[in-house]
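A short worksheet on the structure shown next.
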Amino acid sequence: MRGRSTVTNVVCVTQFISDSLDRRGQVDVIYTDVAKAFDSVDYHILLYKLSEIGVHGFLLDWFLSYLTERKQFVSYNGFSSREYIQMSDVPQGSVLGPLLFNIYINDIVADLECRALLFADDLKIYRQISSMEDCIKLQDDLIKVNEWCTRNHFSLNIDKCTVVSYSRKAGTIIYEYTCGKIILPRSSSQKDLGVTFDVKLSFENHVQRSIDRGYKMLGFVLRNSRSFKSVEVLKTLYFSLVRSGLEYATTACAPYYIYMKAGLERVQRRFLKHLFHIAEGHFPPRGLDHAVLLEKYCFIHLQCRRDIADARFLVKLIRGQLDCPELLEKIPFRVPRPNLRIKASFIVPRARTNVLAGSPVNRILKLGNLLEDEVDLFKCSIKEVTEAVVVCLE
């Protein structure tokens, strides 16, 4: 869906948990897993849901023809495979497939009282927990999800459903959530849409895994490019295969401890030293300032790039380019008044803990106020905002 992504999804849940932890609260999240979701779509139910949203007549007949008894084959370089009848009712790999699947599954959250976030077949339901009564309400919503799956010919893969209780207090409320009389397993960490969450929301595990994957991918790139002499080609490989992994969803899980930031930057420094070796025929002198290597090859610090990602996210959010009302309602705009000394456009919520201070909303609001003297966030282009971040922070 336009304006939504895995990043907006994890940013929403990160902010909700951060707000709760700052108030010494607890949030229980139930991560669900639907078994063979695309293969389990029932076209009769899908056609009914299409009719419910206004698809009728010839268009509905066309969808019926599209979804039933479809024959497919693979064609490549003049050769074709034998025809076969697709087994799933939603053609996988097609243009319409994701749209039809979203129409099919979207009402899974219609009757829930708790908060829920859905991305394709990845559904998590969550609630702030203050008492056992809150746990029971979350359990009731889990039952509704399971009943919806039964009605729509889906089944939850209970072995892969997980419960995580996010809390920093000693007296965490533990409730045994069940699905089909089976107690769901608990975990101290959970990978959600590519981001590893831990119960204290420190993202230490996620950052360390990003560093480990970065070194692994960098080693792969360097081993397979030994004969490459072009600095630009090597930079392209690094940007697409290594740096992209280090920067995934940093608006949600940006590191706020110095050692975590330094660990990520060391991956980039290792690549820059390799570039120096390719260009100059020898490695840089021991102790050479990292800033020299960055300037020589037109790089910037990863922290600056994370700030750029935050600024872009803020601009798109306040301009309505992101379909994320849950986050937009958390942006406290300061109404300008005559003779007011404070010129900042945003009111940054006061934080008691590092968790809320480093949360997505608090970070982007602080950054937005910092950039105001350089650029108009409500009018200037994304390119101008990016340049302002580099000028202010690099």
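The values are calculated or read from the model by the stated rules, or taken from the named source; none is laboratory data. Since the model is a prediction, treat every value here as computed from it, not as a measurement. We place every Cβ from the backbone using ideal geometry, glycine too, and count neighbours over all the protein chains shown.
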Would you call Phe313 buried (at least 16 other Cβ atoms within 10 Å of the Cβ) and under 30 Å from Gly368 (Cβ atoms)?
yes
Which condition does Asp140 not pass, out of (1) of a type outside the set (Phe, Trp, Tyr); (2) assigned to a helix (DSSP H, G or I); (3) buried (at least 17 other Cβ atoms within 10 Å of the Cβ), if it passes all the others?
(3)
Can you say whether Tyr248 is of a type outside the set (Gly, Ala, Ser), at pLDDT below 90, in contact with a Ser or Thr (Cβ under 9 Å, 6 or more places away or on another chain) and within 30 Å of Cys12 (Cβ to Cβ), as far as the supplied structure shows?
no
Restricting to segment 322-340, give me the number of residues that are of a type outside the set (Val, Ile, Thr), part of a loop (DSSP other than H, G, I, E, B) and either surrounded by 15 or more Cβ atoms within 10 Å (Cβ to Cβ) or in contact with a Lys or Arg (Cβ under 9 Å, 6 or more places away or on another chain) (or both).
7
Answer from Thr178, Thr150, Thr162 - the residue that is under 29 Å from Asp42 (Cα atoms), exposed (fewer than 14 other Cβ atoms within 10 Å of the Cβ) and of a type in the set (S, T, N, Q)
Thr150
List every residue pair whose Cβ atoms lie under 7 Å apart, where the two residues are 6 or more positions apart in sequence or sit on different chains, the first residue falls within segment 61-73 and is without any contact (Cβ under 8 Å) to a residue 60 or more places away in the chain, and the second residue, located anywhere, is part of a helix (DSSP H, G or I) and surrounded by 11 or more Cβ atoms within 10 Å (Cβ to Cβ).
Phe63/Leu47; Phe63/Leu50; Leu64/Leu47; Leu67/Tyr43; Leu67/Leu46; Thr68/Tyr43
Flag if Lys343 is surrounded by fewer than 16 Cβ atoms within 10 Å (Cβ to Cβ) and in a loop (DSSP other than H, G, I, E, B)
yes
Given the structure, is Ala279 within 24 Å of Ser18 (Cα to Cα) and aliphatic (A, V, I, L, M)?
no
Could you give every pair whose Cβ atoms fall below 8 Å, whose first residue belongs to segment 182-208 and is under 13 Å from Ala252 (Cα atoms), and whose second residue is of a type in the set (Lys, Arg) and surrounded by fewer than 17 Cβ atoms within 10 Å (Cβ to Cβ), counting only separations of at least 6 or pairs across chains?
Thr196/Arg209; Phe197/Lys191
Within the set of pairs 6+ apart or on separate chains, which have a first residue in segment 209-220 that is of a type in the set (Lys, Arg), a second that is in a helix (DSSP H, G or I), and C-beta atoms under 7 Å apart?
Arg213/Gly245
I need the helices (runs of 4 or more DSSP H) fully contained in segment 1-93, keeping only those with at least 1 residues that are over 30 Å from Lys200 (Cα atoms).
43-52, 57-67
Kindly provide the set of residues from segment 290-312 that are outside any helix (DSSP H, G or I) and without any contact (Cβ under 8 Å) to a residue 12 or more places away in the chain, ordered by number.
Cys298
Leu241 passes all but one of the listed conditions (1) touching a Phe, Trp or Tyr at 6+ places or on another chain (Cβ under 9 Å); (2) within 30 Å of Arg115 (Cβ to Cβ); (3) in a helix (DSSP H, G or I); the exception is number (2)
Could you please give the count of residues in segment 11-41 that are closer than 24 Å to Tyr104 by Cα and either among the aromatic types (Phe, Trp, Tyr) or in contact with an Asp or Glu (Cβ under 6 Å, 6 or more places away or on another chain) (or both)?
6
